[in-house]
Amino acid sequence: MTGRGDSFSARDSARAWVVVAAAFAALFVVFGVAFSFGAFFGPISAEFETGRAAASVVFSLTSFLFFSLGAISGPAADRFGPRPLLLFGAVAFGVGLAATAGAERLWVAYLTYGVGVGVGVGCVYVPIVAAVGGWFVRRRALAVGVAVSGIGLGTLVVSPLAARLIEAHGWRMVYFGFAAVGSAVLLASALVIAAPPSGSPGASRRTGAAIRTPAYRWLYLANLLLCLVLFVPFVHLPTFAEDAGVGPTAAAGLVGVVGASSIVGRLVLGGVADGSGPLRAYRISFLLISASFALWWIGDGLPTLAAFAAVLGVGYGGFVALSPVVLAEFFGVERLGGLLGVLLTANAVGSALGPPAVGLVVDATGGYDAAVVVLGLLGLAAYAALLPLGSRSEQPACKEG
């Protein structure tokens, strides 16, 4: 199938689960590589002789682009289907990684990795998640949870794998290999993933009208605050662990712990969403993320840091899986790509500012204590921003039956 389906009966079908499988593979690749940056952080910083703040900008620029581009790729996928976006993303992803492998200056890496990988992920994530959401009605939370579990498994596998490969072959050769394999997987996924059946039951608000509602504004604020916090560990946790005496491979493996536990979060909190509603499960994920930073603050060795990574990962998994489900519950699926894409601009700003800000604090103070306390408080503020949702005035304008 290459175009939009033409019947509502195609939803929740075997064809829909094929789309989930292809989405899982694509998300495994792009986020596995993007979130393995912590393994590359030390070698890149050492080679280019930069501080932690400067090196972390490579990741922050990337995350800013792949989240903010959702505001373009999401509406484009709503209109043209996901496949053209995925094909373009596959090319940008491979070219960006290969060019980064040959970079001789840090500013060149800013452009090649930041733009190439950022555009690649930005053209993959929102179109894929919106497509999966549109292929399901009864099992939407489960289907989205399974698809985005590719992010968690990719984080679990790729980050420690990258650390081992870097030790053996150097970071440049590893990025060359990731470019080839990643592009091939994305191209294959693009051939499988089709746009969902058109004609959702029930009327959906247009994107602009939905964005102007109080519900959407509170969701946006909550995402912004949370993402100032959430992506800091993907950059700083491995280096912090090494400073605490943890070996390089085990330190990189902490990001893998986040990925593994995020799979649990997607499935467990998805079950909570099916039983008690997506918004309640969504709030739980925010609480878990903010509470986890108490463990980082205590952390003085591998066991405590692994516990931090596990709790963070469960909350992170629920957050990623439930964001599109909450949007679909409030606003329907007909414009889900556009609504999710605009919401992710909040993630873009938060993820771009958080890691460099923490890097500046660490470079200035020589420690993480103050930064970790502030991160925990920001997480609680993000949870508080969700509390106004769910009143009678904020109930979904349209739901699918």
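Points worth noting:
- Candidate set from the range 241-273 (those that are in a helix (DSSP H, G or I) and β-branched (Val, Ile, Thr)); member that is modelled with the lowest pLDDT: Thr249
- Scanning the range 217-234 turns up no residue that is at pLDDT below 90, surrounded by fewer than 23 Cβ atoms within 10 Å (Cβ to Cβ) and β-branched (Val, Ile, Thr).
- Just one of the numbered conditions (1) more than 26 Å from Leu378 (Cβ to Cβ); (2) at pLDDT below 80; (3) buried (at least 18 other Cβ atoms within 10 Å of the Cβ) is not true of Val119: (2).
- For the range 63-96, filtering for residues that are within 11 Å of Ala190 (Cβ to Cβ) and part of a helix (DSSP H, G or I) leaves 9.
- Residue in the range 69-90 that is farther than 28 Å from Ala260 by Cβ, surrounded by fewer than 22 Cβ atoms within 10 Å (Cβ to Cβ) and modelled with pLDDT under 80 present: no
- Of all residues in the range 275-325, those that are under 16 Å from the mean Cα position of the chain (by Cα), at pLDDT 90 or above and either under 14 Å from Ala241 (Cβ atoms) or of a type in the set (Val, Ile, Thr) (or both) total 4.
- Identification of helices (runs of 4 or more DSSP H) wholly contained in the range 102-204 with 1 or more residues that are farther than 25 Å from Val320 by Cβ and in contact (Cβ under 8 Å) with a residue 40 or more places away in the chain yields 106-111, 140-169, 171-192.
- The condition (being aliphatic (A, V, I, L, M), buried (at least 24 other Cβ atoms within 10 Å of the Cβ) and over 30 Å from Gly270 (Cα atoms)) is satisfied by just one residue among Ala163, Ala147, Ala141, Ala131: Ala163.
The values are calculated or read from the model by the stated rules, or taken from the named source; none is laboratory data. Not measured: the values here are computed from a predicted model. Please note: Cβ atoms are built from the backbone with ideal geometry, for glycine as well, and neighbour counts cover all protein chains shown.
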